[in-house]
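The structure appears right after this line, and notes come after that.
The values are calculated or read from the model by the stated rules, or taken from the named source; none is laboratory data. For clarity, every value in this text was computed on a predicted model and none was experimentally measured. When we count neighbours, we look across all protein chains shown, and the Cβ atoms used for this are built from the backbone with ideal geometry, even at glycine. The protein model used for the area step is the full one, side chains on, heavy atoms only, and it has no ligands, DNA or RNA in it. Shrake-Rupley method; radii C 1.70, N 1.55, O 1.52, S 1.80 Å.
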Amino acid sequence: MEELNSDLFDPRAVMDSDYSSTSEGNFGFAFNDSNFSDRMLRIEIVGGPSDCRSDAEGACASVADWAPLRKRPTEDVKKESDLDLSLCPEEQILDQPDMDDCEGFQNQDEAVAMAEESPSGDEADSGNESNWSMDSSTILRVKTLHISSPILAAKSPFFYKLFSNGMKESEQRHVTLRISASEEAPLMELLNFMYSGTLSASTAPALLDILMAADKFEVVSCMRYCSRMLRNLPMTPEYALLYLELPSSVLMGEAVQPLTDAAKQYLAACYKDINKFQEEVMALPLAGIEAILSCDDLQVASEDAVYDFVLKWARLQYPSPEERRQVLGAHLAKFIRFPYMSCRKLRKVLTCSDLDHDISSKVVLEALFFKAEAPHRQRSLTAEETSSSRRFVERAYKYRPVKVVEFELPRQQCVVYLDLKREECANLFPSGRVYSQAFHLGGQGFFLSAHCNMDQQSPAHCFGLFLGMQEKGSVSFAVDYEFAARSKPMEEYVSKYKGTYTFIGGKAVGYRNLFGMHWVTFMAEDSQFFINDMLHLRAELTIRQ
């Protein structure tokens, strides 16, 4: 097992699934003990806003700081940790700050840290007030701790730099940190963790605040620990969104990646059927929509429906056209799998005012080139897909994609190929059905549908295949058709049924038991119709003269 004192500065370091609570690598006994300490840490708790980062990362000290517009869960929040405070120093309530404590002020990264010389070992006397002009916050109380600089430096680059920067302050015995009141409990938990490798906090709000403190003071091991603890707690949509909207630094991003991945998976599973939960999904923030759109198992009719949903959400959330174009172009367009959209919808993408013209042209061209590729090239592009958007990966659409070959001469004809995974077929039992995307012949729209239904000849389930015409009305359309399927051992298409049917808008024709066998036999492991767990169907349609 990796020792607790090993170098944890590398955010990619692999951590064990748990921390040892044995004496090996556990220095909890030395926490705030003068016998095992070489320095004093003075913690000044001030009123007013906490010390948030003002850089591009936008990281702050606590959940309340970075999510002011988001309700905290109604769960009781532990404002004070369960750490045994009898081990902590006495608190001093101050009316005026000790001015000389600012001597030798040294800014270490984003956290407020000071190191000062105190020959007597006691706190310095009051001095020049001008040194405090940079911070007018009132000091509410002060805590002092005995600390071991090697232990803290081994756990945190922040403390390592503070204690080893080669300047005079690094040799001084007293160090001062100034924090807000909301950071007090998380910081005490964090310091205890750096000694013992454990936390007493167990609620999500408390762990989130400790996570923010660990990020501020660069304690990667604690970030990973909090991330794992949060993953083990029951997930809710509200918490999942909080996890996805953490103000991440580069360091923090590595440490909490498993947590954000779990939050994305939870939201994707929770709102897989976006039509069923449309009102809730429409109210989700951008991070939640991105998590849902990244899912391969969305229960949607087609990618056309995904595109329509994204536009509807963006128009609701971003009334400003300029802001909407920016969000769609920079964030959401990459999650729409344009190669699986219909050509009719792709034409509309080109003229959509909500998308920047350069972006819409690029995604439509990419989609059309993908559609034109040979099947083996399409599979290769899908296998090579490395981006998180997975734009070449096919979802489990309700309307399954088909490949169509059309002929004009000597007769108007089309050959349609529909492939279904074994898992998709299994999900049809006992009375499900799956539809193909529409295809056209002679100006009329058609579709295929696969069913699990009862055999008319016996009380058993079986696999059926049907051909339907989309347009409703009085149109009469005579078609010769043939259904075929690949079959072992030759793996060639074998004709199953053929016939002629005069379609009237909205009607369908087909066979309730395409393979002439019961469902159990059709789905068996040794079924002759599944080749590498894929059912290959073909329908040939010819317009009668």
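So which of Tyr397, Tyr340 ends up being within 25 Å of Ala269 (Cβ to Cβ), modelled with pLDDT under 85 and aromatic (Phe, Trp, Tyr)? Of Tyr397, Tyr340, the one residue that is within 25 Å of Ala269 (Cβ to Cβ), modelled with pLDDT under 85 and aromatic (Phe, Trp, Tyr) is Tyr397. Taking the criterion of being open to solvent by 30 Å² or more (accessible area, probe 1.4 Å) and either modelled with pLDDT under 50 or among the aromatic types (Phe, Trp, Tyr) (or both), the residues of the range 36-52 that qualify are Phe36, Asp51, Cys52.
Look at Glu482 and say whether it is surrounded by fewer than 13 Cβ atoms within 10 Å (Cβ to Cβ), over 35 Å from the mean Cα position of the chain (by Cα) and acidic (Asp, Glu). In short, no. Here is the figure for the range 351-374: residues that are open to solvent by 40 Å² or more (accessible area, probe 1.4 Å), assigned to a helix (DSSP H, G or I) and not aliphatic (A, V, I, L, M) total 6. If you go through the range 309-350 and keep only what is under 29 Å from Arg379 (Cβ atoms) and either loosely packed, with under 13 Cβ neighbours inside 10 Å or touching a His at 6+ places or on another chain (Cβ under 7 Å) (or both), you end up with Cys343, Arg344, Arg347. Within the span defined as the range 194-203, every residue fails to be at pLDDT below 90, more than 25 Å from Asn35 (Cβ to Cβ) and either open to solvent by less than 10 Å² (accessible area, probe 1.4 Å) or aliphatic (A, V, I, L, M) (or both). Within the range 257-307, the residues that satisfy the criterion of being assigned to a loop (DSSP other than H, G, I, E, B) and of a type in the set (Val, Ile, Thr) are Ile274, Val300. Restricting attention to the range 480-524, the residues being among the aliphatic types (A, V, I, L, M) and more than 28 Å from Gln444 (Cβ to Cβ) number 5.
Just so you know, in the range 397-433 the residues that are touching a residue at least 60 places away in the same chain (Cβ under 8 Å) and assigned to a loop (DSSP other than H, G, I, E, B) include one that is farthest from the chain's Cα centre (by Cα), and it is Arg411. So Leu208 ticks every box in (1) touching a residue at least 24 places away in the same chain (Cβ under 8 Å); (2) under 25 Å from Phe158 (Cα atoms); (3) out of contact with any Cys (no Cβ under 8 Å at 6 or more places or on another chain) but one. Which box is left unticked? It is condition (3) that Leu208 fails.
For (1) part of a strand (DSSP E or B); (2) charged (D, E, K, R); (3) modelled with pLDDT of 90 or more, each residue gets a yes or a no:
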| residue | (1), (2), (3) |
| --- | --- |
| Tyr435 | yes, no, yes |
| Ser458 | no, no, no |
| Tyr497 | yes, no, yes |
| Phe503 | yes, no, no |
| Phe515 | no, no, yes |
| Thr521 | no, no, yes |
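Would you be able to say whether some residue in the range 375-391 is touching a Ser or Thr at 6+ places or on another chain (Cβ under 8 Å), open to solvent by less than 60 Å² (accessible area, probe 1.4 Å) and modelled with pLDDT under 90? Yes; the residues of the range 375-391 include at least one that is touching a Ser or Thr at 6+ places or on another chain (Cβ under 8 Å), open to solvent by less than 60 Å² (accessible area, probe 1.4 Å) and modelled with pLDDT under 90.
In the set (1) closer than 22 Å to Leu428 by Cα; (2) at pLDDT 95 or above; (3) open to solvent by less than 70 Å² (accessible area, probe 1.4 Å); (4) hydroxyl-bearing (Ser, Thr, Tyr), Tyr511 fails one condition alone, (2).
Would you mind stating whether Glu189 is farther than 28 Å from Phe27 by Cα and in a helix (DSSP H, G or I)? The answer is no for Glu189.
Every listed requirement among (1) among the acidic types (Asp, Glu); (2) open to solvent by less than 60 Å² (accessible area, probe 1.4 Å); (3) modelled with pLDDT of 90 or more is met by Glu491 save one, (2). Any idea which residue in the range 437-456 is nearest to Tyr511 (Cα to Cα), counting only those that are open to solvent by 30 Å² or more (accessible area, probe 1.4 Å), of a type in the set (A, V, I, L, M, F, W, C) and not in a loop (DSSP other than H, G, I, E, B)? Within the range 437-456, the match that is nearest to Tyr511 (Cα to Cα) is Met454. Of all residues in the range 447-497, those satisfying the criterion of being under 18 Å from Glu540 (Cβ atoms) and either in contact with an Asp or Glu (Cβ under 6 Å, 6 or more places away or on another chain) or among the polar types (S, T, N, Q) (or both) are Ser449, Glu482, Ser487, Ser495. Taking the condition within 27 Å of Leu298 (Cα to Cα) and modelled with pLDDT under 95, does Gln470 pass? Here the answer is yes, as Gln470 does meet what is asked.
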